[in-house]
1. Any residue in region 214-233 that is free of Cβ contacts under 8 Å to residues at least 60 places away in the same chain sitting within a Cβ distance under 6 Å of a residue that is in a helix (DSSP H, G or I) and among the hydrophobic types (A, V, I, L, M, F, W, C)? List the pairs, counting only those 6 or more apart or interchain.
2. Which residue out of Asp211, Asp261 is within 30 Å of Gly50 (Cα to Cα) and either touching a His at 6+ places or on another chain (Cβ under 9 Å) or acidic (Asp, Glu) (or both)?
3. Within the bounds of region 100-116, is there any residue that is assigned to a helix (DSSP H, G or I), open to solvent by less than 40 Å² (accessible area, probe 1.4 Å) and touching an Asp or Glu at 6+ places or on another chain (Cβ under 6 Å)?
4. Going through region 122-148 one residue at a time, which ones are open to solvent by 20 Å² or more (accessible area, probe 1.4 Å), under 18 Å from Ile58 (Cβ atoms) and not charged (D, E, K, R)?
5. Could you tell me whether any residue of region 267-288 is of a type in the set (D, E, K, R), touching a Ser or Thr at 6+ places or on another chain (Cβ under 8 Å), open to solvent by 60 Å² or more (accessible area, probe 1.4 Å) and in a helix (DSSP H, G or I)?
6. Across region 306-323, which residue is farthest from Leu351 (Cα to Cα) among those that are open to solvent by 60 Å² or more (accessible area, probe 1.4 Å), charged (D, E, K, R) and in a helix (DSSP H, G or I)?
7. Take the residues in region 198-229 that are modelled with pLDDT of 90 or more and surrounded by 18 or more Cβ atoms within 10 Å (Cβ to Cβ); name whichever of them is farthest from Glu143 (Cα to Cα).
8. Applying the selection to region 20-59, what residues are under 13 Å from the mean Cα position of the chain (by Cα) and of a type in the set (A, V, I, L, M, F, W, C)?
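The values are calculated or read from the model by the stated rules, or taken from the named source; none is laboratory data. No experiment lies behind these values; they were computed from the predicted model shown. When we count neighbours, we look across all protein chains shown, and the Cβ atoms used for this are built from the backbone with ideal geometry, even at glycine. Protein only, heavy atoms only, side chains kept; ligands, DNA and RNA dropped before computing areas. Shrake-Rupley method; radii C 1.70, N 1.55, O 1.52, S 1.80 Å.
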Amino acid sequence: MSGSINYISCGLLWIGLLMKLPDLIRNWADPSLRAINGVLAFASLCFLFGAPSSVRVINRVSGVSNLAAPLTYASITAYSAALLILIACWRGGPSMRRTTRNWIYGYATVLVGVAVLFVLGDAGVERRSDFDTYYATTPWISEMVVLYLLAHLTATTVSAVWSLRWGFEAEVRKRPWLRASLLTIGAGTVLSAAYSVSKLVAVGARWTGRDWAVLGTSVPPVCAGLGALLTVAGVLLPIAGHHLSACRDFFRLAPLDAVLDPVLTDRALRVERPRSPFLWGTWRWSTVHNGLLAIETLYDEGLYNARFDAELEKTGDWQRAASAAWAATIAAAVQRSTRPAPKPAGVPARLSHPRDAVSLVLIADAVKRSERETRAAEPSPAAARSV
């Protein structure tokens, strides 16, 4: 890949890292947040150290020929380990801590091995694009190259198997953003594995006296670049999905928010909307939840049952009937809260409103649908004058 593409990719990853750092500072104990930030940081270093201009600058400033090579290999190795740890954290389970700890120890050993082998070897001739194949037969340096390539191939293979196998499980199909993330990571790690395979084949060819320069210098950068971009995109998809879902909830909960407005205003339950649009969905959900808690003792169980039965008979859809029944019950409770009256018959305490965002969105949709039906049933101004 050209240096400009490397630097653009690095800059985009740094932007993503800056967006995630505040979350990491607030929740340092969260291993998945640490892994996400590690993936973004080490992936950006891969692009930065791998750019030809960076290779030249690192070698000249340090005064060590080819120092950029072990630095790039170390960043690739650390990126591979961070990705493995991230997938393990997402997967969870009782063995998660042991698994992540073993990967950390294993890849820390690889990093030490890369540094030791580079120091023991002799790489005096600067090679900016074909270091792997040029030194494929040099003692210690060839071992360093094979070590990092095998470590990278192992990480990408395991990541691909984990993410693709998990992405096709039935339970993940109910979580579209996670499934899209896993499948994207799977595709990216397959491409990244091709980077290691092509380099290993080129190195093996050098051992047998052949020179397959294309496999060592042309194919790997393309595989590494596309693979890393796909993988990082997959890592960020759940985050983007969370914000998009929150944005969707902000707009879809608006009808229910409007119904609850008299209660929220009368009891001063509506807090100021945050400045960040990323928090608007959570703000509206909290506002709606506060309003529902304020009127939950006023729910009319008889009204709920009657509305539920009528809607179920009309549509045959249990979920739609429940949402319509809750919309009518909540609207009646709001009216009752503004006009004190005797409590409804029945046992209101047994009736508890849904608290999850999905159910509240469906109730808001039912409110909007009811308002639309009411407007459609009203006579037009012209018809009213004729009467």
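1. Pairs that qualify, where the first residue is free of Cβ contacts under 8 Å to residues at least 60 places away in the same chain and the partner is in a helix (DSSP H, G or I) and among the hydrophobic types (A, V, I, L, M, F, W, C), are Leu215/Val201; Leu215/Ala202; Cys223/Leu191; Cys223/Ala194; Leu226/Leu191; Leu230/Ala187.
2. Asp211
3. no
4. Across region 122-148, the qualifying residues are Gly124, Val125, Ser129, Tyr134.
5. Scanning region 267-288 turns up no residue that is of a type in the set (D, E, K, R), touching a Ser or Thr at 6+ places or on another chain (Cβ under 8 Å), open to solvent by 60 Å² or more (accessible area, probe 1.4 Å) and in a helix (DSSP H, G or I).
6. Step by step, filter region 306-323, then rank; the result is Lys314.
7. Filtering first and then ranking leaves Ser198.
8. Once the filter is applied, which keeps residues that are under 13 Å from the mean Cα position of the chain (by Cα) and of a type in the set (A, V, I, L, M, F, W, C), region 20-59 yields Leu33, Ala35, Ile36, Val39, Leu40.
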